[in-house]
Ligand SMILES: Nc1ncnc2c1ncn2[C@@H]1O[C@H](COP(=O)(O)OP(=O)(O)OP(=O)(O)O)[C@@H](O)[C@H]1O
Ligand SMILES: [Mg+2]
C-alpha cells in the first residue's frame with residue numbers, strides 16, 4: 001500500500017516568491033484498491049503526482065510504499081525504490097520511433113534485464129493490456145486508447161506495487177475511457193495494485209474508484225469511500241458524482257431520495273410503496289446506477305396521497321427500512337400539518 005503523510009510542496013515562482021502548492025496532503029491507498037484524486041485545474045493534482053512518483057522532491061512530509069519512506073532516499077536507493085511506483089500520464093509519452101513492444105521493454109532494457117526475461121515479461125504485459133496483436137505497431141499506428149494501454153503496460157514493466165495515473169483517460173472517447181478503466185480495475189484485482197487515479201471526470205470516479213479525495217488549493221477538502229459519499233445526502237462530492245436535474249412540480253410534496261450504501265435497495269420500491277400507501281409517485285429526475293454491485297444514486301419524486309388516511313409521516317419509516325435516505329425538498333402548506 002501507499003501512505004502519504006502531511007505532504008508539503010513549495011515552488012519558487014518566476015517572480016522569486018515561494019508559493020506553497022501542496023499544504024499538507026495525507027492519503028492512504030491500500031493494496032487492491034483505487035483512489036481517485038479530483039479537483040479543479042491548478043488545485044495541485046499533478047504536483048501531487050510528481051511528488052508521489054518522486055520526479056519532484058517534496059518540501060516536507062513522507063511517502064511510504066509498503067512501509068518504506070521513499071521521500072528520504074537519494075541516488076541509487078531512490079532509483080531502486082522508485083520502481084515500486086509505475087506512472088502513466090495523459091499523453092503516455094511513448095517513443096515514436098519504437099514499437100509498442102519496444103516501448104514496454106524500455107524500463108527492462110535500462111535495468112539490464114536479460115533478453116529472454118524481457119521477451120517473457122513484455123509478452124505477458126501485452127497480453128494483460130490486450131494488445132498482443134499490436135506488438136509491432138508504432139505509436140502513430142495506434143489509437144489514443146491503445147497508446148494509453150502501452151503506457152500502462154510500460155508503467156507495469158518493473159512490477160510496481162503502486163500505479164499512478166494522471167489524467168490517463170482525458171481526451172479519450174467514452175468507449176476507450178471505459179475500457180482503460182476496466183483494465184485498471186482488472187489490474188487492481190489481479191495484481192493487488194494500489195492505484196491512484198487523478199482525473200477531472202466524475203464518470204471515471206463513479207465507474208472505477210473505491211475511494212475519492214478532493215483537492216482544493218493544495219489541501220484535501222473532502223475524502224471518503226465512494227459508496228459512503230454517494231449515500232451522504234449533504235456531501236458535495238456525492239452530488240458531483242450523481243448530478244441531478246429534475247422537473248419542477250408545483251404544489252407537490254417533493255422528496256430527494258438517496259440510495260444508502262448500507263443495504264441493497266430493492267428495484268421495485270416505488271411500486272411497493274405506491275400500493276401499500278395508496279400514493280401516486282411521480283419521478284421528476286434521477287441518476288441511479290450500479291456501483292460496487294448494488295444500486296447507488298439519487299432520485300427526486302413527487303408524492304400525492306390518494307387517501308387521507310396515509311401521510312408522509314407513515315411513509316418515512318418504511319422508506320428508511322428499504323435503505324433509502326429521505327430529504328423533504330418542498331412541502332405544500334396543506335400537507336405540513338399532516339407531517
Ligand atoms: N515547476 C513549477 N514551478 C512553479 N509553480 C508550479 C510548478 N508546477 C506547478 N506549479 C503551480 O502549482 C499549481 C498547481 O499545478 P498542478 O499542475 O499541480 O495543477 P493540477 O491540479 O494538476 O491542474 P490541472 O487539472 O489543470 O492539470 C499551479 O498554480 C501551478 O502554477
Ligand atoms: Mg494536472
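The values are calculated or read from the model by the stated rules, or taken from the named source; none is laboratory data. Quick caveat: nothing in here was measured; it's all calculated off a predicted structure. Every residue, glycine among them, receives a Cβ derived from its backbone with ideal geometry; neighbour counts consider all protein chains shown.
Only a single criterion out of (1) exposed (fewer than 14 other Cβ atoms within 10 Å of the Cβ); (2) more than 16 Å from ligand 2 (Cβ to nearest atom) is not satisfied by residue 195, namely (1).
Is it true that some residue in the stretch 282-297 is without any contact (Cβ under 8 Å) to a residue 40 or more places away in the chain and touching a helix residue (DSSP H, G or I) at 6+ places or on another chain (Cβ under 8 Å)? Within the stretch 282-297, one or more residues are without any contact (Cβ under 8 Å) to a residue 40 or more places away in the chain and touching a helix residue (DSSP H, G or I) at 6+ places or on another chain (Cβ under 8 Å). Within the stretch 9-31, the residues that satisfy the criterion of being part of a strand (DSSP E or B) and more than 30 Å from residue 159 (Cβ to Cβ) are 10, 11, 12, 18, 19, 20, 21, 23, 24.
Take the conditions (1) in contact with a helix residue (DSSP H, G or I) (Cβ under 6 Å, 6 or more places away or on another chain); (2) within 16 Å of ligand 2 (Cβ to nearest atom); (3) farther than 29 Å from residue 207 by Cβ; residue 11 misses just one of them, which is (1). Within the span defined as the stretch 312-322, every residue fails to be within 33 Å of the chain's Cα centre (by Cα), closer than 19 Å to residue 37 by Cα and surrounded by fewer than 16 Cβ atoms within 10 Å (Cβ to Cβ).
List, please: which pairs have Cβ atoms under 8 Å, are six or more places apart or on different chains, and start with a residue in the stretch 41-61 that is assigned by TED's automatic domain parsing to the domain that holds residue 6 and end with one that is within 10 Å of ligand 1 (Cβ to nearest atom) and in a helix (DSSP H, G or I)? Filtered contacts from the stretch 41-61: 56/47; 56/50; 57/51; 58/51.
Selection of helices (runs of 4 or more DSSP H) fully inside the stretch 193-280 by the criterion of at least 2 residues being within 23 Å of residue 306 (Cβ to Cβ) and away from ligand 1 (no atom under 16 Å from the Cβ) returns 269-277. Would you confirm, using the coordinates I've provided, whether residue 3 is within 13 Å of ligand 1 (Cβ to nearest atom) and either surrounded by 14 or more Cβ atoms within 10 Å (Cβ to Cβ) or at pLDDT 95 or above (or both)? So residue 3 does not fit the description; no.
Hey, can you tell me all the residues within the stretch 180-192 that are surrounded by fewer than 17 Cβ atoms within 10 Å (Cβ to Cβ) and touching a helix residue (DSSP H, G or I) at 6+ places or on another chain (Cβ under 7 Å)? The answer is 185, and nothing else.
Restricting to the stretch 124-171, name every residue that is at negative phi and within 16 Å of ligand 1 (Cβ to nearest atom). Of everything in the stretch 124-171, those that are at negative phi and within 16 Å of ligand 1 (Cβ to nearest atom) turn out to be 164, 165, 166, 168, 169, 170.
Mind checking which residues of the stretch 38-68 are on the phi < 0 side of the Ramachandran plot and near ligand 2 (Cβ under 10 Å from one of its atoms)? Break it down stepwise before answering.
Taking the stretch 38-68 as the starting set, the residues that turn out to be on the phi < 0 side of the Ramachandran plot are 38, 40-41, 43, 45-53, 55-60, 62-65, 68.
Passing the criteria: 41, 43, 45, 46, 47, 48, 49, 50.
Among residues belonging to the stretch 44-89 that are touching a strand residue (DSSP E or B) at 6+ places or on another chain (Cβ under 9 Å), in a loop (DSSP other than H, G, I, E, B) and more than 16 Å from ligand 1 (Cβ to nearest atom), point out the one that is modelled with the highest pLDDT. Lay out the reasoning, then the answer.
Step one: of the stretch 44-89, the residues touching a strand residue (DSSP E or B) at 6+ places or on another chain (Cβ under 9 Å) are 44-67, 69-72, 81, 84-89.
If we keep only those that are in a loop (DSSP other than H, G, I, E, B) too, we end up with 44, 53-59, 66-67, 84.
Adding the requirement that they be more than 16 Å from ligand 1 (Cβ to nearest atom) leaves 66-67, 84.
Details: 66: 85, 67: 86, 84: 90.
The qualifying residue modelled with the highest pLDDT is 84.
Counting only residues that are surrounded by fewer than 23 Cβ atoms within 10 Å (Cβ to Cβ), within 18 Å of the chain's Cα centre (by Cα) and either within 12 Å of ligand 1 (Cβ to nearest atom) or within 15 Å of residue 11 (Cα to Cα) (or both), the stretch 33-43 holds 4 of them.
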